[in-house]
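Let me begin by presenting the structure, written as structure tokens, before commenting on it.
The values are calculated or read from the model by the stated rules, or taken from the named source; none is laboratory data. Here the structure is a predicted model, which means the values were calculated and not measured. Cβ coordinates were reconstructed from backbone atoms using ideal geometry, including for glycine residues, and neighbour counts include every protein chain displayed.
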Amino acid sequence: MADSGGAFLCRRVQKGKGLSMANRVFQGVIYQMKDAIDRVVGVVDETGTIISCTDLNRIGEVRDGVASERLAAGDSFVRDGFTYHLFTANKRNDYAVLVEGTDEAAGRYAALLAISLQNIKQYHDEKFDKANFIKNVVLDNILPGDIYAKARELHFATDVSRVVLLIRVTSGTDISAYDVVSGLFPDKQKDFVFNISENDTVLVKEIKRGIDQHDIEKLALSIVDTLSGEHYIKAVVGIGTPIANVKDLAISFKEAQIAMEVGKVFDTEQSIISYDNLGIARLIYQLPTTLCEMFLKEVFKQGGIESLDAETLFTIQRFFENNLNVSETSRGLFVHRNTLVYRLEKIKKLTGLDLREFDDAIVFKVALMVKKYLSSNPAKY
């Protein structure tokens, strides 16, 4: 039985670096051209090295001058008895079809093959690229039933602990945050980085099972510090909850988005916002705005929050920070204890809520957060 081009090529590279997936894809197509086109046909990479060819003995041969010629030429050029036609498989690797001959037919063959190989390579990359698979899972663009089948096809571990981090650039865009983050996590088999918008970059990080949340936040902080310290890029990071199965990556991503949005409302000074640390703010975010408005009306029947001046609101904030302790709060505000009691009585008269009572304090605290939430109008996920 005749030896196939793919099998022969595999054996040729066993002693070298190994056969890349791109070379296999190209060789599979090129070798089928052997009987259809009575000429030598092949593919060269950006260095001018033949990586696929109908003449298997030519594989690995470097075509002198082709690397420099392709930079100066247009889509096609002729050199040393061969016609070349460039094509791009992705943004970084340029290839060219070579066809024996310099006649018009050689030019047509080269152009047709270039189009075919570019389309085939693009389809192959989309089908077999793990990063693209992860992106589709994270963005919920793949049916749950297809996730495991695709993972098996890619030899992708599904039961590894991972977490999704959303990195949003808020200022300074001279350097790509994507490039910086990709450089920080070079293991493309374990960690995946991709853009979802001009300012938003997603990191899917493999982690140890049972990792402490603080360690994940330290990781996020290192990203923020690198972006700001070395590249003058200001960014915030939203962290989803760790997941133990690839199918839950979309959930972790949504949580990272929610953490980012809720953080904009309640933790405006924080650069790291973790979904697990959102507390009651997470609950408020999930409520419909109509329900929030009804709650405020019911709580402040006697008078709205608007009736409280800035000094009174500042007093309330300090009172909450001191765990409803009158003595500690008065010392912190440098006022007499009786002055603070007077202010609290004034608040009770205006709102009907006595902040010295735990239940009333909780209601008022939640009401303040709801008011802030409604004023900010955050995006919903």
field: Selected residue [out of contact with any Lys or Arg (no Cβ under 7 Å at 6 or more places or on another chain), surrounded by 15 or more Cβ atoms within 10 Å (Cβ to Cβ), of a type in the set (A, V, I, L, M, F, W, C) and without any contact (Cβ under 8 Å) to a residue 60 or more places away in the chain] from ILE211, ILE175, ILE167, ILE223
entry: ILE223
message: Please determine whether any residue of the stretch 132-152 is closer than 30 Å to VAL41 by Cβ and surrounded by fewer than 19 Cβ atoms within 10 Å (Cβ to Cβ).
response: yes
message: Among the numbered criteria (1) part of a loop (DSSP other than H, G, I, E, B); (2) surrounded by fewer than 14 Cβ atoms within 10 Å (Cβ to Cβ), which one does LEU283 miss?
response: (1)
Filtered residues of the stretch 260-276 (kept if in a helix (DSSP H, G or I) and touching a residue at least 40 places away in the same chain (Cβ under 8 Å)): MET260, GLU261, VAL262, LYS264, VAL265, PHE266, ASP276
task: Among the residues of the stretch 25-39, count how many are surrounded by 15 or more Cβ atoms within 10 Å (Cβ to Cβ) and of a type outside the set (A, V, I, L, M).
output: 6
query: Taking MET260 and the conditions (1) under 30 Å from LYS135 (Cβ atoms); (2) in contact with a helix residue (DSSP H, G or I) (Cβ under 8 Å, 6 or more places away or on another chain); (3) aliphatic (A, V, I, L, M), which numbered condition does it fall short on, given that it satisfies the others?
result: (2)
- request: Taking the options PHE358, PHE300, PHE320, name whichever one is aromatic (Phe, Trp, Tyr), farther than 30 Å from LEU139 by Cβ, in contact (Cβ under 8 Å) with a residue 24 or more places away in the chain and exposed (fewer than 12 other Cβ atoms within 10 Å of the Cβ).
  value: PHE358
- request: Within the stretch 52-88, count every residue that is of a type in the set (Val, Ile, Thr) and in a helix (DSSP H, G or I).
  value: 1
message: Looking at PHE185, PHE156, PHE194 in this structure, which one is touching a residue at least 40 places away in the same chain (Cβ under 8 Å) and closer than 30 Å to GLU269 by Cβ?
response: PHE194
- prompt: Which one of ILE115, ILE120, ILE134 is within 17 Å of HIS155 (Cβ to Cβ) and touching a residue at least 12 places away in the same chain (Cβ under 8 Å)?
  reply: ILE134
The stretch 330-355 - residue that is surrounded by fewer than 17 Cβ atoms within 10 Å (Cβ to Cβ) and among the small types (Gly, Ala, Ser) and, of those, modelled with the highest pLDDT: GLY332
query: Does the stretch 192-207 include one or more residues that are closer than 27 Å to GLU230 by Cβ, surrounded by 11 or more Cβ atoms within 10 Å (Cβ to Cβ) and over 14 Å from the mean Cα position of the chain (by Cα)?
result: yes
query: For LYS247, all conditions in the list (1) surrounded by fewer than 18 Cβ atoms within 10 Å (Cβ to Cβ); (2) closer than 30 Å to LYS346 by Cα; (3) in contact with a Pro (Cβ under 7 Å, 6 or more places away or on another chain) hold save one; what is the number of the exception?
result: (2)
message: I'm trying to understand the selection: among the residues of the stretch 370-381, which are at pLDDT below 90 and among the aliphatic types (A, V, I, L, M)?
response: LEU374, ALA379
query: Restricting attention to the stretch 40-76, and to residues there that are crowded, with 16+ Cβ neighbours inside 10 Å and among the basic types (Lys, Arg), which single residue is modelled with the lowest pLDDT?
result: ARG70
